[in-house]
1. Against the conditions (1) surrounded by fewer than 23 Cβ atoms within 10 Å (Cβ to Cβ); (2) over 19 Å from V171 (Cβ atoms), where does D142 fall short? Just the number, please.
2. Considering each of T159, T215 in turn, give the residue that is in contact (Cβ under 8 Å) with a residue 40 or more places away in the chain, among the polar types (S, T, N, Q) and either closer than 23 Å to R12 by Cα or in contact with a strand residue (DSSP E or B) (Cβ under 9 Å, 6 or more places away or on another chain) (or both).
3. Six or more apart or on different chains, Cβ under 9 Å: which pairs go from a residue in the stretch 32-54 that's more than 12 Å from A15 (Cβ to Cβ) to one that's assigned to a strand (DSSP E or B) and within 16 Å of the ligand (Cβ to nearest atom)? Could you list them?
4. Does R152 satisfy the criteria of being of a type in the set (K, R) and touching a residue at least 40 places away in the same chain (Cβ under 8 Å)?
5. Is it the case that the stretch 127-141 has a residue that's under 19 Å from K11 (Cα atoms) and either touching a residue at least 60 places away in the same chain (Cβ under 8 Å) or of a type in the set (D, E, K, R) (or both)?
6. So, of the residues in the stretch 85-102 that are within 14 Å of the chain's Cα centre (by Cα) and assigned to a strand (DSSP E or B), which turns out to be nearest to the ligand (Cβ to nearest atom)?
7. Out of all the residues in the stretch 103-111, is one or more within 16 Å of the ligand (Cβ to nearest atom), within 24 Å of A17 (Cβ to Cβ) and either part of a loop (DSSP other than H, G, I, E, B) or not assigned by TED's automatic domain parsing to the domain that holds R13 (or both)?
8. Which residue pairs have Cβ atoms under 6 Å apart, sit 6 or more places apart or on different chains, and have a first residue in the stretch 94-114 that is within 17 Å of P169 (Cα to Cα) and a second that is of a type in the set (S, T, N, Q)?
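The values are calculated or read from the model by the stated rules, or taken from the named source; none is laboratory data. Since we're looking at a predicted model, the values are computed, not measured. Note that each Cβ is placed from the backbone with ideal geometry, even for glycine, and that neighbours are counted across all protein chains shown.
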Amino acid sequence: MKAGDGSAGAKRRAAEAAAEAVEDGTVVGLGTGSTTAYAIEAIGRAVADGLDVRGVATSRQSAALARDAGIPVTTLSAVEGIDLAIDGADQVANGDLIKGGGAAHTREKLIDAAADRFLVVVDDSKLADRLDWPVPVAVLPDAEGVVADRIRELGGEPTLRPAERKDGPVVTDDGHLVLDCDFGELDDPAGLAAQLSAIPGVVEHGLFVGLADATYVGRDDGVDVIE
Ligand code: 5RP
């Protein structure tokens with residue numbers, strides 16, 4: 001499930017502006033999705049021009065893009081820390097995010113939260129006054145039914161995310177299923193995040209509350225940076 005359908009130009013502008021924040025000799029967290037892909041390409045061009053960075057990918061997709069772009073790829077366990085992470089989002093409101101449109105939010109949260117600085121890159125179609133996009137929840141396969149029951153008790157409507165060009169559900173890079181959980185407009189994202197995290201069988205949810213340091217918003221005529 002993907003939110004927003006902003007222009008490729010707006011995505012590219014946001015991503016390329018954020019990529020300029022990558023400094024020599026650093027470790028960069030590489031997010032997942034069509035907007036972050038532009039940042040990976042831009043970092044790759046900088047590497048070709050002599051920038052020394054190592055990338056930690058949040059998905060098979062971003063690892064493959066990074067390798068294609070010429071960025072040396074390493075793993076979280078092989079580095080002492082992550083200096084900067086750049087990642088997309090499905091919806092942004094008041095600096096909080098819903099992520100997981102690409103079912104990569106488990107590794108994305110791990111790496112984005114580990115970074116000293118986390119930059120979000122979106123086009124302006126992703127901005128909202130309040131979060132209301134269905135929250136992706138990654139679950140252990142055997143826990144799908146019990147987690148869905150608990151989500152309903154919390155007032156959400158869970159839908160098992162179906163795969164495309166494969167019968168059955170989406171299976172994440174790490175072997176989890178994804179429930180897209182519609183809670184309507186979120187009055188208390190932090191409270192819901194805590195409730196979701198407390199459900200046994202939930203691996204990770206796509207509410208990123210208070211994690212972003214800055215949001216780069218691409219528009220048709222430029223980029224706004226919201227700190
Ligand atoms: C993947 C994500 C993506 O960052 C999110 O879906 C945004 O993707 P895009 O830039 O293609 O709109 O959270 O799990």
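1. Evaluating D142 over (1) surrounded by fewer than 23 Cβ atoms within 10 Å (Cβ to Cβ); (2) over 19 Å from V171 (Cβ atoms) leaves (2) as the failure.
2. Values: T159 fails: in contact (Cβ under 8 Å) with a residue 40 or more places away in the chain.
After ruling out the rest, the residue left standing is T215.
3. Listed by first residue and then by second, the contacts come to T32/A57; T32/D87; V53/V28; R54/V28.
4. On the way: of a type in the set (K, R): yes; touching a residue at least 40 places away in the same chain (Cβ under 8 Å): no.
For R152, the condition - of a type in the set (K, R) and touching a residue at least 40 places away in the same chain (Cβ under 8 Å) - is not met.
5. So the first thing to find is which residues in the stretch 127-141 are under 19 Å from K11 (Cα atoms), and the list is 127-128.
Okay, now just the ones that are also either touching a residue at least 60 places away in the same chain (Cβ under 8 Å) or of a type in the set (D, E, K, R) (or both), so 127.
Yes: one or more hits.
6. Ranking the candidates gives D87 first.
7. yes
8. Listed pairs, sorted by first residue: G102/T32; A103/T172; A104/T32; A104/T58; A104/S59.
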